[in-house]
1. Have a look at TYR209, VAL249, HIS130 and report the one farthest towards the positive end of the charge dipole of the stretch 98-256, computed about the Cα centre with Cβ charges (Lys/Arg +1, Asp/Glu -1).
2. Taking 0.36 nm per residue of separation and subtracting the Cα-Cα distance, what length does fully extending PHE250 through ARG216 add?
3. Given a 10 angstrom Cα cut-off, can you work out which residue in ALA145, ALA55, ALA31 is the most mobile in a GNM of the chain?
4. Once you have a ≥ b ≥ c as the square roots of the Cα gyration tensor eigenvalues for the stretch 1-103, tell me rounded if a/c is under 1.5, and otherwise prolate or oblate according to whether a/b is larger than b/c.
5. Taking only protein heavy atoms into account and a 1.4 Å probe, give the accessible area per residue of the stretch 141-243 in Å².
6. With a cut-off of at most 14 other beta carbons within 10 Å, and DSSP calling the residue loop, which trypsin sites (Lys or Arg not before Pro) in the stretch 123-228 qualify? Please list them.
7. Within the stretch 34-93, what percent of beta bridges assigned by DSSP are antiparallel, to the nearest 5?
8. Using a cut-off of under 12 Å, list every residue of the stretch 225-252 whose amide N is near the label point 7 Å from the Cα of THR51 along the Cα-to-beta-carbon line.
Amino acid sequence: MRMYLVDSFTDRAFAGNPAGVVLLDSPADEAWMQSVAAELKHSETAFVVTTAEGAKPLRWFTPVAEVALCGHATLATAHVLGGDQVFSTLSGDLRCTSADGWVRMDFPADPSEAVAVDPAAALPGVTVEHVAKGKFDLLVVAENAAQVRGLRPDLDAIRAISSSDVRGMTVTAPGDRDGIDFVSRFFAPAKGVDEDPVTGSAHCTLAPYWAARLGRDELVGEQASPRGGVVRVALDGDRVTLAGQAVTVFSGELSA
């Protein structure tokens, strides 16, 4: 089986979010896929059945669990396969197009609603302005980008907040430089990902929030993790287009 390591949401190697991509000739055993993901230790590893007619089955695993939606590993998979792709996933069919060095992904929007959760203990130094929840994650709005960039979260406290219907926490604030509308960081320690470098699926919630707040449907987000990355978003009703670049840094054979 061919395996690739791809850095997503970046135009240079060793930045953005690394994802494993495994190309399958037929559906694989779930326990085996989880073992491969644990071995690779990336925030997500994608497994795609390339021989399927029509939409190609695509699944994503963190080192400890399967997830229902993953943007950067979908981008990585589309980058490896090239051209236009349709993937069959736990979140429905996802369409990807590739042009001019960018991959555009048509994802379901995940608008959030305010919730009565106090994350202050998990986010030292952050002035919390708003807390909401989408389908997967909590959304915490900070006062400014400096608080997001400098954040050193209490991961145990975030883990305690997580539950069966809370995958992780996105912390966001208005952008602080030209060309960036908002910044964010994402933490999911309960899923084996202390901090995800760039989280495409989180932007399915970030896009509706910032589109409503800024009055524009096309925006640019920067995920301000140590590796960093840029996600272009375009909100269209109940769908959101996520666009990013990707770089293949390794390819080889998976023998086990």
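The values are calculated or read from the model by the stated rules, or taken from the named source; none is laboratory data. From a predicted model like this one, the values you see are computed outputs, not experimental measurements. When we count neighbours, we look across all protein chains shown, and the Cβ atoms used for this are built from the backbone with ideal geometry, even at glycine. Keep in mind that these areas ignore ligands, DNA and RNA; they rest on the heavy atoms of the full protein, side chains included. Shrake-Rupley method; radii C 1.70, N 1.55, O 1.52, S 1.80 Å.
1. VAL249
2. 8.5 nm
3. Judging by the Gaussian network model, the answer is ALA31.
4. It is oblate, given that a/c is not under 1.5 and a/b is not larger than b/c.
5. Ligands and nucleic acids excluded, the result is 40 Å² per residue.
6. ARG177, ARG216
7. For the stretch 34-93, the DSSP antiparallel bridge percentage is about 80.
8. none
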